[in-house]
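Encoded as structure tokens, the structure appears first; notes follow it.
The values are calculated or read from the model by the stated rules, or taken from the named source; none is laboratory data. Computed from a predicted model, the values in this text were never measured in an experiment. Using ideal geometry, Cβ is built from the backbone for each residue, glycine included, and neighbour counts are taken over all protein chains shown.
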């Protein structure tokens, strides 16, 4: 299968390298130092046990026309980075090209193929002018939820932290031949890739923690353990999660894990800095709208009060605005 990976960061590099090592025809669409490193050395995967694998049988380019039509496009950028590449994506499509979206949060395609009064509605928080849906037709999309944790430690070098699960699902809930074929390719690469008939419920399950723990940690510089063991922090996270559960419920979503168990799972991760906290410390644009703003938007669409989510969203958006204006980053430092 010809597979294009958009982005070779922590997740894109991990997925693309494993697929290439399993024999798939992989091309990375990347820029800068990552492009040079992959062209010269391939992608190096480092594992927790100290072992390494290097995928040398990959191509890397920043020219979508050079890459040409693909059987599968894996969109592995963060949600707020998709717009920057959307215009180029059709150059990778042939009549049957599928697109697997690996963004956290509520995706731009959420209301496509759902039926009901919101069928086809845009999610303005992540697709303000509908451009993503025009450039990436929902008919091509396969939903995906990313559970593994990994990090890009150097150009072309990815360290795998834990996890190997990538649930996949058609937007209409069908178990099509194409999603089965993609799942089989992921399985050959060593991933767990169950085909789900309700990918949206799985998206909400992961988002349930991200929408609370990420912004709280970004604002307070607390780890997951800090938040969960602090009565006020834990209480705020729980309040945000209850509000989100009410929004999801109005959209027909039920959670297969109780709230207390979801918080306990975060606590077990320990002193882990969320991705939003890592971005704020590094001076990168944090992923706010897909994780928090989209839930606030869906709350308005469903006439659901979300006072805690709205307040935290406003605060973290203001922090990001000030960071951008100053070109700065925010870190705790010893006095």
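Scanning region 33-62 for residues that are more than 18 Å from residue 160 (Cβ to Cβ) and touching a helix residue (DSSP H, G or I) at 6+ places or on another chain (Cβ under 7 Å) yields 57, 60, 61, 62.
Listed here are the residues, each with its yes/no results for (1) part of a helix (DSSP H, G or I); (2) surrounded by fewer than 21 Cβ atoms within 10 Å (Cβ to Cβ); (3) within 14 Å of the chain's Cα centre (by Cα).
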position	(1), (2), (3)
175	no, yes, no
184	yes, yes, no
187	yes, yes, no
190	no, yes, no
197	no, yes, no
204	yes, no, yes
207	yes, no, yes
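Across region 279-292, the qualifying residues are those that are within 15 Å of the chain's Cα centre (by Cα) and assigned to a helix (DSSP H, G or I), and the one among them that is surrounded by the most Cβ atoms within 10 Å (Cβ to Cβ) is 292.
Output the residues belonging to region 282-310 that are touching a residue at least 60 places away in the same chain (Cβ under 8 Å) and more than 21 Å from residue 101 (Cα to Cα).
First pass over region 282-310, keeping only residues touching a residue at least 60 places away in the same chain (Cβ under 8 Å): 285-298, 301, 304-309.
Within region 282-310, 296, 301, 304, 305, 306, 307, 308, 309 meet the criteria.
To keep it simple, each residue is scored yes or no on (1) at pLDDT 95 or above; (2) in the same structural domain as residue 153 (by TED's automatic domain parsing); (3) more than 22 Å from residue 109 (Cβ to Cβ).
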position	(1), (2), (3)
242	yes, no, yes
254	no, no, no
257	no, no, yes
300	yes, no, no
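Please determine whether any residue of region 159-171 is out of contact with any helix residue (DSSP H, G or I) (no Cβ under 7 Å at 6 or more places or on another chain) and buried (at least 21 other Cβ atoms within 10 Å of the Cβ). No, there is no match, as no residue in region 159-171 is out of contact with any helix residue (DSSP H, G or I) (no Cβ under 7 Å at 6 or more places or on another chain) and buried (at least 21 other Cβ atoms within 10 Å of the Cβ).
Take region 52-65 and flag every residue that is in contact with a strand residue (DSSP E or B) (Cβ under 9 Å, 6 or more places away or on another chain) and surrounded by fewer than 21 Cβ atoms within 10 Å (Cβ to Cβ).
Filtering region 52-65 down to residues in contact with a strand residue (DSSP E or B) (Cβ under 9 Å, 6 or more places away or on another chain) leaves 52-64.
Matches in region 52-65: 52, 53, 54, 56, 57, 59, 61, 62, 63, 64.
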